[in-house]
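First comes the structure, then the notes that go with it.
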Amino acid sequence: MSATVPLVVLIDVDNTLLDNDRFASDLRAHLDAGFGSAECARYWRIYDALRAESGYADYLGALQRFRSAALDHHALLQVSSFVLDYPFAERLYPGALAALAHLHTLGTTVVLSDGDIVFQPRKIMRSGLWDAVAGRVLVTVHKERALELVEQAFPARHYVLIDDKPALLAAIKRRLGARLTSVFVQQGHYAAVAWPGAEPPADLVLDGIDDACALASDQLQSGGCNTHAAFPVTAQYQEPT
């Protein structure tokens, strides 16, 4: 086990450091061009069903299922290459790498992402985020159920979680209480979603990840002024519908 450090900053990837909405839009356009609108819609139905099953985005898994009824296998191979070789480094939000560099002056930075075990790590590597945190990366099925893994891999007296999902931040805040400072980054399509059960509210709210460059050590280590005692620990995080 690693030695306990004063502060670990856990940072999400999709729509926190990287514009995953742009990737999904580009993939949609690529599928539409290669297979037509009806088949494109079929892929996204498969994607939604698989996400409901697994709890995370699985673009490659959806592509495998899509393959079973796809007639144009040449186009299918092109989609595979498009996904695996996508230029994720070009989709980092402005200031993302600078934010990581600044946060690492305040504590140990760790990328914490949900996702599959093949495509999500590749995305993190191709984007440059893996190197930016010197390989301190965890990819889990459900972050809120992986806190024991986080604490074993990166033990700390205090944690910060930076994410684009208010309900996830709230769920983990209920678990860790004053040991966690929750930071909501208002980016991506989730920023406009109504999140039932997103209590307690995030300790800090940023308009974009570049605003993290202005965060100070005392802000991150305070644990925020919001209390979690009035909220049931058993409440579960759920994606909005």
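Only the coordinates and a few stated rules stand behind these numbers; no lab work does. Predicted model only: the values in this text are computed from it and were never measured. Cβ placement follows ideal geometry from the backbone for every residue including glycine, while neighbour counts extend to all protein chains displayed.
Please give the helix 73-84 orientation as an angle from the longest Cα principal axis of the chain, in degrees from 0 to 90, rounded to the nearest 10.
Orientation of helix 73-84: about 20 degrees from the principal axis.
Could you work out how much longer the chain between residue 179 and residue 105 gets when fully extended? Use 0.36 nm per residue separation minus the Cα distance between them, nm to one decimal.
Roughly 24.7 nm would be gained on extension.
In percent, how large is the relative contact order of the stretch 20-87, given Cα pairs closer than 8 Å and 6 or more residues apart?
RCO, the stretch 20-87: 28 percent.
Roughly how big is the stretch 20-87's charge dipole about its Cα centre, with Cβ charges of +1 (Lys, Arg) and -1 (Asp, Glu), in debye to the nearest 20?
120
Debye sum, Cα scatterers, the stretch 102-161, no solvent: what log₁₀ I/I(0) at q = 0.13, 0.19, 0.20, 0.27 1/Å?
Normalising to I(0) and taking log10 leaves -0.34, -0.73, -0.80, -1.26.
If I take every Cα pair under 8 Å that is 6 or more residues apart in the chain, average their sequence separation and divide by the length, what percent do I get for the relative contact order?
25
Give me P(r) over the chain, computed from all C-alpha to C-alpha distances, binned every 10 Å, as integer percentages.
Answer for the chain: a P(r) of 7, 31, 35, 18, 7, 1 percent.
Based on the mean of other beta carbon atoms within 10 Å per residue, what is the order of 55-65, 15-25, most packed first?
Ranked from most to least packed, the peptides come out as 15-25, 55-65.
Divide by every residue of the chain the summed helix terms, -39500 (n - 2.57) for each DSSP H run of at least 4, and state the resulting mean residue ellipticity at 222 nm, rounded to the nearest 500 deg cm²/dmol.
One gets -12000 deg cm²/dmol as the mean residue ellipticity at 222 nm.
What is the Cα convex hull volume of the stretch 20-87 when expressed per residue in Å³?
Enclosed volume per residue, from the Cα hull, is 81 Å³.
Taking amide H positions as placed in the peptide plane 1.01 Å from N, state which residues far from residue 5 in sequence (5 or more) or on other chains have amide H under 5 Å from it.
The list, which skips near neighbours in sequence, is 156, 157.
Using a 10 Å cut-off on Cβ atoms, rank the peptides 199-209, 108-118, 146-156 from the highest mean neighbour count down.
Order by mean packing, descending: 108-118, 199-209, 146-156.
Report the charge-dipole magnitude of the chain in Debye, nearest 20, computed about the Cα centre from +1 at each Lys and Arg Cβ and -1 at each Asp and Glu Cβ.
500
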